[in-house]
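We did not get these values from a lab; they are worked out from the coordinates using the rules stated. Everything quoted here is computed from the prediction, not taken from an experiment. Here the Cβ positions follow ideal geometry from the backbone for every residue, glycine too, while neighbour counts run over all protein chains shown.
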Amino acid sequence: MDDTRTLIEVTSSTGIGAFTATLIDGEWPVEIVTRLRLRGLEGLEIGYGDITIQTGISSTSSPDPALMVMTTNPDGSTDRTYPSADQYHPGIRRGSDEKGQYFDIALPRHFFQSEQPTFSIGWIDFYR
């Protein structure tokens, strides 16, 4: 971690999980990347403020799930859209090293524009 980039490394023995990160003081770094040590990433959910982003990477020859953005309204209802704007797209990169396979997930630009104090990430390696 430095002032511009933070890497959060997560090992998930069950392949399904979530975490929440909260800024205690100061500002978020310019880039926040979560490294999920998984073999697959069929479900990914990123939440902050009233926004929830859902996507994933298909483990079969099927197309990847479309990115969906859900906005929770003050009355509790939810609007769902399939945005064309890149600001909502998380950066997802597959990789491997001596520890095994992983997915690097960079938070989308919109998170930093919205200045939220908390974000959460949830994942599912393979739908069962």
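Quick look at the values:
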quantity	calculated
Residues satisfying the stated conditions in the stretch 11-58, i.e. assigned to a strand (DSSP E or B), under 21 Å from Lys99 (Cα atoms) and free of Cβ contacts under 8 Å to residues at least 40 places away in the same chain	Thr11
Test: residue in the stretch 104-120 that is in contact with a strand residue (DSSP E or B) (Cβ under 7 Å, 6 or more places away or on another chain), exposed (fewer than 14 other Cβ atoms within 10 Å of the Cβ) and in a strand (DSSP E or B)	yes
Residue within the stretch 72-95 that is part of a strand (DSSP E or B), more than 22 Å from Thr11 (Cα to Cα), of a type outside the set (D, E, K, R) and within 15 Å of the chain's Cα centre (by Cα) present	no
Test: residue in the stretch 6-24 that is over 16 Å from the mean Cα position of the chain (by Cα) and either crowded, with 16+ Cβ neighbours inside 10 Å or among the acidic types (Asp, Glu) (or both)	no
Within the stretch 69-103, considering residues that are in contact with an Asp or Glu (Cβ under 9 Å, 6 or more places away or on another chain) and closer than 11 Å to Ile53 by Cα, the one surrounded by the fewest Cβ atoms within 10 Å (Cβ to Cβ)	Thr71
The stretch 4-46, residues that are among the hydroxyl-bearing types (Ser, Thr, Tyr) and under 18 Å from Leu107 (Cβ atoms)	Thr4, Thr6, Thr20, Thr22, Thr34
